[in-house]
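The values are calculated or read from the model by the stated rules, or taken from the named source; none is laboratory data. Note that the structure is predicted; figures quoted are calculated from it, not measured. FYI the Cβ positions are ideal-geometry reconstructions off the backbone, even for glycines, and counts take in every protein chain you see. These accessible areas exclude ligands, DNA and RNA; they are computed on the full protein's heavy atoms, side chains included. Shrake-Rupley method; radii C 1.70, N 1.55, O 1.52, S 1.80 Å.
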Amino acid sequence: MTKPAYGGQAVVEGVMFGGKRHSVTAIRRKNNRIDFFYLPKETRPSIQKLKKIPFLRGIIAIIESSANGAKHLNFASERYDVDPEEDEKRKEAAPAKTTVVLGVAAAGVLSFLFAKFFMTLIPVFLAELARPFFPGDAAQILIEGAFKLLLVLSYIYLISLTPFIKRVFQYHGAEHKVINTFENGLALTVENVRSQSRLHYRCGSSFILFTVIVSVLIYTLVPTDPLWLRITDRILLIPVVLGTAFEVLQLTNKVRHIPVLKYLGYPGLWLQLLTTKEPDDKQIEVAISSFQALLELESGDTASAAR
């Protein structure tokens, strides 16, 4: 029997895991206790139908992930360094929950779109500056892709040098280790999780790299001159690049156990060497707690539906 595919992401001092019907975040509080944030997933028939359409399903998944991920990030960032005794005071001073949730979700989607526009258009202008040295269309597309890759790698490397982001990347490693432990059929103990790889084929970091590779191929279908048309094409093709990169990510995950085809996912795994770090045992404990809480929710819903 095929195991269900669970996803997740690192948050501030914690890990979020998501299933078909719920997502759960566990964080380590200032007093060392582990607290949880539970978020049921809304199931709309129209959205579920769109998720079955290749290429379009990737766009839906990205929007949902950005919106829901922002809610979990907001929970973690608001509480990780606050004394739990102050929680009640914060609740009293907080605005309406619905307003906060909608605002955070919108901010998450807008942040993703802003970052995507930034990473898409800056390489265009840099490539244009290099046109005297690389005048041909093919050369322009390749140099644009090189600038985009350099921009992504430089950004990730520079932020990874900060202690704060390093800890987030450690929790990212813990998230992957827990998923690998589960998918390999091992008990979710600190010892078992510690022994697993911190890399995983089905990771957002791999998706980022595949958007760079896919964009180079797609851009060969449109002209690079004049500049205004090039910019317009890049903006209009953002959904196409994202949807195609998502399908490539899914494909590399499906063929990862096939001897020759498994190498298709290696570029994404190499990038994860930057975006994940080895976690300590306390971080692994938080990741295990989050995943076990999700499994309990998901299995409870399944049992209720069966009755």
Which log10 I(q)/I(0) values, to two decimals, does the chain give at q = 0.07, 0.14 Å⁻¹ under the Debye formula with one point per Cα?
-0.30, -1.16
Just to be sure I understand: with springs between alpha-carbon atoms less than 10 Å apart, which residue in Val248, Val82, Val11 has the highest mean-square fluctuation in the Gaussian network model of the chain?
Val82
Quick one: check the C-alpha center-to-center distance for the range 235-253 versus the range 1-77, whole angstrom.
20 Å
Of all accessible heavy-atom area on the range 146-280, the percent that carbon and sulfur account for (1.4 Å):
72 percent
Pop the C-beta distance of Ala5 and Arg131 into the FRET formula with R0 = 51 Å and round what comes out to the nearest 0.05.
0.70
Treating the angle as unsigned and between 0 and 90°, give the value, to the nearest 10°, between the Cα long axis of helix 56-79 and the longest Cα principal axis of the chain.
50 degrees
Pair Asp281, Phe36: separation of 7 Å Cα→Cβ label points (nm)
2.4 nm
Between Leu227 and Leu251, 0.36 nm times their residue separation minus their Cα-Cα distance comes to what?
5.2 nm
Tell me, what ³J(HN,Hα) does each residue in the range 259-271 have, in order and in whole Hz, if you take phi through Karplus 6.51 cos²θ - 1.76 cosθ + 1.60 with θ = phi - 60° and put x for Gly and Pro?
x, 7, 6, 4, 6, 4, x, 4, x, x, 5, 5, 5
What distance in nm separates the simple spin-label points at Leu274 and Leu121, each placed 7 Å from Cα in the Cβ direction?
2.3 nm
For labels at Asp83 and Lys20 in the simple 7 Å Cα→Cβ model, what's the distance in nm?
4.5 nm
Could you do me a favour and compute the accessible area per residue for the chain, 1.4 Å probe, result in Å²?
53 Å²
As an exercise, take the mean of 1/r over every pair of distinct alpha carbons in the range 219-303, invert it, and state the Kirkwood radius in angstroms.
17.2 Å
Using the Cα atoms of the range 148-307, I'd like the radius of gyration and the largest Cα-Cα distance, Dmax, both in angstrom.
19.0, 63
Could you please put Thr220, Thr275 in sequence from largest to smallest accessible area, using a 1.4 Å probe?
Thr220, Thr275
When the Karplus curve 6.51 cos²θ - 1.76 cosθ + 1.60 is applied with θ = phi - 60°, which whole-Hz ³J(HN,Hα) does each residue of the range 121-138 get, with x for Gly and Pro?
8, 4, x, 4, 5, 5, 5, 5, 5, 8, 4, x, 9, 10, x, x, 4, 4
